């Protein structure tokens, strides 16, 4: 204890070697495999694009752009064929319009209720119910539209309406498909909107309550404007789902390529055409085969644009609040 | 981005204050009540429809909810005893195919994105954006992909069960990646740090610590993905789930097949009442399977998920 000898026997190396004792090739191979799996999802998109591009180009080598992008007539399987895609785009827009008439307000209302009004207990019950609603197979919705909603609207159609609008719909109608599709989309709109509303900081609400606002004012003047980009994103996602939905329109909207926005008529949509034309085995190389891909390309591009806008808007509110 | 937040706050404060000053929110208690009633109505519409869909299928299909439905093959001659055995077996095979394909693929992708990916790299951002977009691509577009690349084209499998499985796997891949990522993310970082501090390599840490802890989440995600795949109809119409098959599939890579949803679709579009009833009975079976799967997922989530 008296004389402190300097610890000369313990030498410390200047540099500690922290690199791995072996190159760990196995570990690197695993990471490589995991990366390939993640990159595979990009390959799926690339696959979709490639699957669509070549037959679409083949289609346009046989049918002119002007003939395709017109509203004249849609009869690709007839002789002589006609390819006025405007007809089935109009059909898609028709059903989408009536679906959104229901889905957007109801989805937004449900989201406001869940985010601002519902007790934690009510939320625990209602959220799974909406999830179940989202998981119902669309073929079941189609059956419901055809065998339950259609007879009701045929019975209760307001025949006092002027002109063609007063005619009761037939067995297939845009109204029946649109109505059921609208309800199918409510959970999508509601859950994305509610996520956006939940991301609004509580301090904003508290400040508004603090200066004497009512609950309704907080919801409509503070929460909705603050979550606007997320709400718009949910609306656009709803449009994308309506445009891409197949089974409900295939079963309940009929197959007549009518150029109309009236709800009481039968319409053919882009998705219903694809499903109808390619059910079973269609012969490769026929013009019908290529038409399916051309319509598929149009459908893919339009939903891609909608999805990208929606994703960008969701990122915007995430950046603002997180 | 705080400026945007301030903007929103300022605007909201101004609106609310103005309402206070001009007295437009005085004596307006009924307005709030009406507003709340409208909101409740919105959510009620959705729930009432759900109940109506289930009840309508149930009461329509009840007369045909018998053993013949499971025992017999589809038949257009004996409508009153026609079954859907081939459709049930087709769906079972399809789902086995989806599960063995999508689980390894999706879980591996999720591990990469959660544990290894550097989010500043452009290709990682591309992959994430791509997965978000794929989740919203219409299902029928996957059918076109299946028709062009899996049934024909590079893979050239023909109209067989596995072509359907593969198409549905691509469709639910985003679902399984997203749910698995959430499960992996919920394992706290301290577990990883403790494992690494004891000298485990990164992969050993994932394999021995992170993955075992996230198994319940991964299983829940798998069941949810399968329950989405089981009800998909449109893509199967394109990859050859023909609507009238009176024998069970021979194997994954040979023979025509049908599935529950495509069989329901075929029956639903026939005008005869007997087929409508059969379609409804099929919907009951399908919804029954879905309810069992979803309950199982919820049960696993509640029973096995660890809270840290």
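Evaluate the following for residue A:205: is it closer than 23 Å to residue A:127 by Cα and at the interface with chain B (Cβ under 9 Å from one of its Cβ atoms)?
Spelling it out, it is not the case that residue A:205 is closer than 23 Å to residue A:127 by Cα and at the interface with chain B (Cβ under 9 Å from one of its Cβ atoms).
Just need a number here: residues in the stretch A:216-233 that are under 25 Å from residue B:32 (Cα atoms) and either facing another protein chain (nearest Cβ under 7 Å) or surrounded by 22 or more Cβ atoms within 10 Å (Cβ to Cβ) (or both).
11
Just to confirm my filter: which helices (runs of 4 or more DSSP H) fall fully inside the stretch B:1-73 and include at least 3 residues that are within 22 Å of residue B:87 (Cα to Cα) and at pLDDT below 90?
B:67-71
In the stretch A:110-119, which residues are surrounded by 23 or more Cβ atoms within 10 Å (Cβ to Cβ) and within 7 Å of another protein chain (Cβ to nearest Cβ)?
A:110, A:112, A:113, listed by residue number.
Which pairs do you get when a residue that is at negative phi, found in the stretch A:199-213, comes within reach of a residue that is exposed (fewer than 12 other Cβ atoms within 10 Å of the Cβ) and in a loop (DSSP other than H, G, I, E, B), reach meaning Cβ atoms under 9 angstrom, with the pair 6+ apart or on two chains?
Here the result reads A:199/A:322, each pair linking the stretch A:199-213 to a residue that is exposed (fewer than 12 other Cβ atoms within 10 Å of the Cβ) and in a loop (DSSP other than H, G, I, E, B).
Taking the stretch B:259-278 only, how many residues are more than 7 Å from chain A (Cβ to nearest Cβ), under 20 Å from residue B:90 (Cα atoms) and part of a helix (DSSP H, G or I)?
Here the count works out to 7.
For the stretch B:252-276, enumerate the residues that are surrounded by fewer than 20 Cβ atoms within 10 Å (Cβ to Cβ) and closer than 15 Å to residue B:75 by Cβ.
B:270, B:272, B:274, B:275
For the structure I just gave you, tell me whether residue B:160 is crowded, with 19+ Cβ neighbours inside 10 Å, within 14 Å of chain A (Cβ to nearest Cβ), modelled with pLDDT under 95 and out of contact with any helix residue (DSSP H, G or I) (no Cβ under 6 Å at 6 or more places or on another chain).
For residue B:160, the condition - crowded, with 19+ Cβ neighbours inside 10 Å, within 14 Å of chain A (Cβ to nearest Cβ), modelled with pLDDT under 95 and out of contact with any helix residue (DSSP H, G or I) (no Cβ under 6 Å at 6 or more places or on another chain) - is met.
Which of the helices (runs of 4 or more DSSP H) found entirely inside the stretch A:142-211 contain at least 2 residues meeting this: under 18 Å from residue A:269 (Cβ atoms)?
The qualifying helices (runs of 4 or more DSSP H) are A:174-198.
Looking at residue B:201 and the list (1) modelled with pLDDT under 90; (2) farther than 30 Å from residue A:22 by Cβ, which single condition is not satisfied?
(2)
Has the stretch B:170-192 got at least one residue that is in a helix (DSSP H, G or I), at pLDDT below 90 and at the interface with chain A (Cβ under 9 Å from one of its Cβ atoms)?
Checked the stretch B:170-192: no residue is in a helix (DSSP H, G or I), at pLDDT below 90 and at the interface with chain A (Cβ under 9 Å from one of its Cβ atoms).
Would you point out the residue of the stretch A:279-299, among those that are assigned to a loop (DSSP other than H, G, I, E, B) and in contact with a helix residue (DSSP H, G or I) (Cβ under 6 Å, 6 or more places away or on another chain), that is nearest to residue A:246 (Cα to Cα)?
Here the residue is A:279.
When the stretch A:120-152 is examined, which residues are found to be more than 9 Å from chain B (Cβ to nearest Cβ), closer than 26 Å to residue B:221 by Cβ and surrounded by 23 or more Cβ atoms within 10 Å (Cβ to Cβ)?
none
Does residue B:155 satisfy the condition of being surrounded by fewer than 18 Cβ atoms within 10 Å (Cβ to Cβ), in the same structural domain as residue B:91 (by TED's automatic domain parsing) and either touching a strand residue (DSSP E or B) at 6+ places or on another chain (Cβ under 8 Å) or assigned to a helix (DSSP H, G or I) (or both)?
Spelling it out, it is not the case that residue B:155 is surrounded by fewer than 18 Cβ atoms within 10 Å (Cβ to Cβ), in the same structural domain as residue B:91 (by TED's automatic domain parsing) and either touching a strand residue (DSSP E or B) at 6+ places or on another chain (Cβ under 8 Å) or assigned to a helix (DSSP H, G or I) (or both).
Within the stretch B:60-68, identify whether any single residue is closer than 26 Å to residue B:162 by Cα and either buried (at least 18 other Cβ atoms within 10 Å of the Cβ) or under 24 Å from the mean Cα position of the chain (by Cα) (or both), and answer yes or no.
Among the residues of the stretch B:60-68, not one is closer than 26 Å to residue B:162 by Cα and either buried (at least 18 other Cβ atoms within 10 Å of the Cβ) or under 24 Å from the mean Cα position of the chain (by Cα) (or both), which makes the answer no.
Of all the residues that make up the stretch B:97-146, how many are more than 10 Å from every other protein chain (Cβ to nearest Cβ) and part of a loop (DSSP other than H, G, I, E, B)?
Looking only at that region, the number is 4.
For the stretch A:178-202, enumerate the residues that are more than 13 Å from chain B (Cβ to nearest Cβ) and either touching a strand residue (DSSP E or B) at 6+ places or on another chain (Cβ under 9 Å) or over 20 Å from residue A:130 (Cβ atoms) (or both).
A:178
The values are calculated or read from the model by the stated rules, or taken from the named source; none is laboratory data. Here the structure is a predicted model, which is why all the values come from computation and not from measurement. Cβ: placed from backbone, ideal geometry, glycine included. Neighbour counts: every protein chain shown.
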